[in-house]
Amino acid sequence: MSNILKNIGLPWSAEKIPSLTGKVAVITGGNEGIGAAFVTELFKHDISKVFILSNDAARHQEAVAHFNKESQKDVSNQVIFYKLDLGDYSAVKDAISKIKQNTDRIDIIDCNAAIGMYTTDVPTSTNDKKHAIDRHFAVNSVGQAIIIQELLPLIKKTADKSGDARIVIMASNLHFSAPEEVKFESINEINTDLGPTLQYNRSKLANVLYTKKLARVLQSEGYGDKIFVNCIHPGVVKTAQQAGAVESYQEVVKEKIGDNIIGNAAAAGINVVNHALRFLTEKDSPEGALSSLYAATSEEVKSRGLQGEYIVPNATIQEADKRSLDEAMQDRCYKLIQECIEKDLGNSYGADHQEGSTERGSATI
């Protein structure tokens, strides 16, 4: 793997975020973890309105209280929350319709939410619309694409007036580990059960490919210097996704070994190793939000013309997996996502702790 790092000036921090007065943002999964840290900084820098799309309604009031405390002002009326499952495309489109009724501009879209390495439903056919495609792909890639594409006219309108709008798509360094046989050639391929880790990795490679294709589309339409679409890696962050992944693999171990003394001991061992690694390597959510905040707010993004890039900590452009540079593969992935949208092939099976787990959030929110 050859990664070429190009430093972007001095280390970037949230203190460098310019005034966001008058701006409007839409974020998926903004009630906890990285998403909540992202929204907190937007309010600290005077953003006018934030739409949060999340499946976690129980967490919302706690999040708003956190935003008020950290921004040192009452922003309650500036936060609009819509509960939805990103795998339920009718719910996604309904929320988008409501957003359009409540704002005449969108400056920032942050596609932050995702299913982590959870065991999810992988359908054997597309007959049941609630189980039509792999849930990781349905939520992490297709659901986010619907939000972006349905709101593009409003983003373009905003960019035409302000000259600067941003789309941020959550990727991961695990996109490098997507299986080599992944080609994004068909729905049948997407419905191949690879297991929770590889399905997650595959969805993150899809997000990088989609980012690069969307950047090409916007450039061809004359928006290459007005709408800046980039994907990011947040680093290893202490969120509910890691806890959920451990729960999933503990279940797998018990299925393989048995729910007995040996199986329980093996499952407990996974938890011990996880906690040790988290203690040694993980960041808190505010640190994890920096890559997204840089892509969404930094003036350098426009001045440097950063478009279709893969941004990692700390405000550094990294060369993504070589497969993501293949325009033919970008086109195939983009086309497959459009096919899923046109055929309404979501997967709202749920029960996978999309943004939560028995261990909730992070140390910050």
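The values are calculated or read from the model by the stated rules, or taken from the named source; none is laboratory data. Treat the numbers as computed from the prediction; the structure is a model and nothing was measured. Here the Cβ positions follow ideal geometry from the backbone for every residue, glycine too, while neighbour counts run over all protein chains shown.
Yes or no: the range 98-117 includes at least one residue that is assigned to a helix (DSSP H, G or I) and surrounded by 19 or more Cβ atoms within 10 Å (Cβ to Cβ).
yes
Need the failing condition index for Lys49 against (1) in contact with a helix residue (DSSP H, G or I) (Cβ under 7 Å, 6 or more places away or on another chain); (2) modelled with pLDDT under 95, just the number.
(2)
Within the range 49-64, take every residue that is of a type outside the set (D, E, K, R) and touching a strand residue (DSSP E or B) at 6+ places or on another chain (Cβ under 6 Å) and give me the one that is surrounded by the most Cβ atoms within 10 Å (Cβ to Cβ). Spell out how you get there, then give the answer.
To start, the set of residues in the range 49-64 that are of a type outside the set (D, E, K, R) comprises 50-55, 57-58, 60-61, 63-64.
Those still in the list that are touching a strand residue (DSSP E or B) at 6+ places or on another chain (Cβ under 6 Å) too: 50-53, 57, 60, 64.
Working: Val50: 24, Phe51: 23, Ile52: 26, Leu53: 29, Ala57: 12, His60: 17, Val64: 21.
The qualifying residue surrounded by the most Cβ atoms within 10 Å (Cβ to Cβ) is Leu53.
Of everything in the range 304-335 that's among the hydrophobic types (A, V, I, L, M, F, W, C) and part of a helix (DSSP H, G or I), which residue is surrounded by the most Cβ atoms within 10 Å (Cβ to Cβ)? Outline the logic, then answer.
If we filter the range 304-335 for residues that are among the hydrophobic types (A, V, I, L, M, F, W, C), which is where we start, we get 306, 311-312, 315, 317, 320, 325, 328-329, 333.
If we keep only those that are part of a helix (DSSP H, G or I) as well, we get 325, 328-329, 333.
On the way: Leu325: 13, Ala328: 8, Met329: 20, Cys333: 26.
Step by step, filter the range 304-335, then rank; the result is Cys333.
May I ask you to say which residue of Ile155, Ile133, Ile167 is within 24 Å of Lys212 (Cα to Cα) and part of a loop (DSSP other than H, G, I, E, B)?
Ile133
Would you call Gly195 within 30 Å of Ala25 (Cα to Cα) and either free of Cβ contacts under 8 Å to residues at least 24 places away in the same chain or out of contact with any Ser or Thr (no Cβ under 7 Å at 6 or more places or on another chain) (or both)?
no
Take Gly35 and decide whether it is in a loop (DSSP other than H, G, I, E, B) and within 26 Å of Ser172 (Cβ to Cβ).
No.
Inspect all residues belonging to the range 6-19 and state whether any of them is part of a strand (DSSP E or B), outside the structural domain of Met170 (by TED's automatic domain parsing) and in contact (Cβ under 8 Å) with a residue 40 or more places away in the chain.
yes
Of the numbered conditions (1) crowded, with 16+ Cβ neighbours inside 10 Å; (2) at pLDDT 95 or above, Ser76 fails exactly one; give the number of that condition.
Unmet for Ser76, out of (1) crowded, with 16+ Cβ neighbours inside 10 Å; (2) at pLDDT 95 or above: (1).
Please specify each residue of the range 170-192 satisfying the condition of being part of a helix (DSSP H, G or I) and touching a residue at least 60 places away in the same chain (Cβ under 8 Å).
Asn173, His175, Phe176, Ile187, Ile190 - these are the residues of the range 170-192 that are part of a helix (DSSP H, G or I) and touching a residue at least 60 places away in the same chain (Cβ under 8 Å).
Restricting attention to the range 110-132, does a residue exist that is among the basic types (Lys, Arg) and in contact with a helix residue (DSSP H, G or I) (Cβ under 8 Å, 6 or more places away or on another chain)?
No, every residue in the range 110-132 fails to be among the basic types (Lys, Arg) and in contact with a helix residue (DSSP H, G or I) (Cβ under 8 Å, 6 or more places away or on another chain).
Which residues, taken from the range 20-31, are in contact (Cβ under 8 Å) with a residue 60 or more places away in the chain, farther than 14 Å from Arg166 by Cα and part of a loop (DSSP other than H, G, I, E, B)?
Gly29, Gly30, Asn31
How many residues, within the range 79-94, are surrounded by fewer than 21 Cβ atoms within 10 Å (Cβ to Cβ) and either among the aromatic types (Phe, Trp, Tyr) or in contact with a Lys or Arg (Cβ under 9 Å, 6 or more places away or on another chain) (or both)?
Residues flagged as surrounded by fewer than 21 Cβ atoms within 10 Å (Cβ to Cβ) and either among the aromatic types (Phe, Trp, Tyr) or in contact with a Lys or Arg (Cβ under 9 Å, 6 or more places away or on another chain) (or both) within the range 79-94 amount to 5.
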